[in-house]
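Notes to accompany the following structure.
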Amino acid sequence: MTLDATQARLAGLLAKAALGDRVAFAELYRATSSKLFAVSLRIVRERPLAEEALQDSFVNIWNHASDYAQAKSAPTTWMTAIVRNRSLDIVRRTREEPDVDDALSVNLVDESAAPPREAEARAEAHSIQHCLGELDAEQRQTIALAFFHGLTHSELAEHLRRPLGTVKTHIRRGLLKLKDCLMRTGDVERG
Amino acid sequence: MRLTPTAIQALAGEYVLGTLRGRARSRFEEHMRSDRAVAAEVARWEAAITPLAESVAPVEPPKRVWSGIEERLRPRAARPASGGFWRSFGMVAGGLASVLLAFFVYISSGPRGEPLFVAVLADTAPRMVVSMHQPDLLRVRVVKPWGGMDKQSLELWAMPAKGGAPRSLGLVTNAMGDTMIKIAGNDPRVQDVNALAVSMEPMGGSPTGQPTGAVVCQGMIAPVKRA
C-alpha cells in the first residue's frame, strides 16, 4: 500500500499519538473530525449521539494508536471503521422503533451515483464509486442506504417497500459484484 | 467452530457494510478475534468499502466534543503496564521465559558492572534488550531483527514519565547483535523516562526530530541501580 501525502501525514500523527504526543493527536482530530462526525451523524441521526460516538471513537483511537502500525490500511480507512462500528453499536442500543423515512433527509440515489466531491479524493474512493456504479439501481440503493445510514435488513425492507428476502438478496449479490469489480481494478486482494 | 470460506466472505461483507447486527455481529466479532482468516477478510472489505465515506460532506462537531475527549485521555507514559499502549506487553507475557533467557544471556555476557536500567522492547515478541551502563554507554542488543526494512532506519526514543515529546537516543542497526550509543548516565534525555520505543523512519532518521513513522516495538524501563 502506498499512501498519498495527506494519508502519510495522518499516519505520522497516529505514530506520534501512539507515543503519547497530545499535540499530534489534537492535530489528527482537527484534520479528520468533521468528516468522521458527518459519517456518524448519518448513522445515528441525532447530534448528541453522533457527539458521543465521535468522542468514544477518538478515545479508542488514542488508546489503540499503536495498533495502527499493523492495520495495513490508510489512516482514514482505519479511523472511519472505528467510527462506523461505534456508531452502529450506539444505534443498536438506542434505535428501537425505526422511523426511517422521517429521519432520512438526504437523496440517497444521488449520493450513491455521485462522483467523489473532492478533487483530491483518493484512488480507492474512486474505484469503489466506480464499482458501485456497475451495480443495478436497486442493489446500489440498498447498499448505499445500509452503508451511509446504517439501516438493518428490516429497515431497508420497510424503507424500500420490498420483501425482506429481496433486500437480503440485493445485498448479497451486490456485495459479490462489488468485490469482483474491485478485484478487477486491483483494489482488493484476492482472498 | 471455524467458518467456511464462503461464510467468511459473505459475513465479512455484511459486517463492514453494517447490516450484520445483534448477536450475529457479536458472534462474528469473536471469530474475528480468534481466526486470522476472518480478520484478514474484514480488513479487505474495510479497505474496499470504507473509502465510500470520503464522499460524505463534512459537518463540524461542536467544541465540547474535543474537550470531552481530552478529559478522557490518560497520560500515556504514566500508565501502568495494562491497556492500549502497553497491551503488547501483556501479549508477550507468555514469552516471558524467552525474555528472561535473553536477559540472562545478555547480563552474563555484558560489560562489567550492573546496568543503571534495562528494558526489553517488544511487539508481539521480544525484539531488543536495551541497557544503560556507566559511565556513558547505552547498549541495544537486537534479538529479532525485522525483514523488509532495507530502505528505512530504526530510531530509538526515550519516553518521559510525565508525558511529553519523545527524546531521540539515536539509530539502531536492524541486525542481530549490538548497537552501542555513547550517552552519559546523567544526560537529560534519559532522566525521568519510564519507557523506550523504536519507530520506523526514513533512512538516516526522523527528519523532524520527532517520530514520524510507525512504532515497531516498545517496552518499560526497569531501573537496576541508582547512578
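Please treat every number below as a calculation from the coordinates, not as lab data. Note that the structure is a prediction, hence the values are computed from the model and not measured. Note that each Cβ is placed from the backbone with ideal geometry, even for glycine, and that neighbours are counted across all protein chains shown.
Brief remarks on what is shown
- Greater than 24 Å apart at Cα, pairs in A:LYS35/A:LYS177; A:LYS72/A:LYS179; A:LYS16/A:LYS72: A:LYS35/A:LYS177
- Per-pair calculated FRET efficiency, R0 = 30 Å: A:THR185 and A:LYS72 via Cβ, rounded to 0.05: 0.95
- Other protein chain Cβ atoms within 10 Å, averaged over every residue that makes up B:164-171: 2
- Exposure proxy ranking for A:LYS168, B:LYS182, A:LYS16, A:LYS35, based on other Cβ atoms within 10 angstrom of each Cβ and starting from the fewest, stands as B:LYS182, A:LYS168, A:LYS35, A:LYS16.
- Fewest-first sequence of A:THR152, A:THR80 by Cβ atoms within 10 Å of each Cβ: A:THR152, A:THR80
- For B:MET220, B:MET200, B:MET159, order by how many other beta-carbon atoms lie within 10 Å, fewest first: B:MET220, B:MET200, B:MET159
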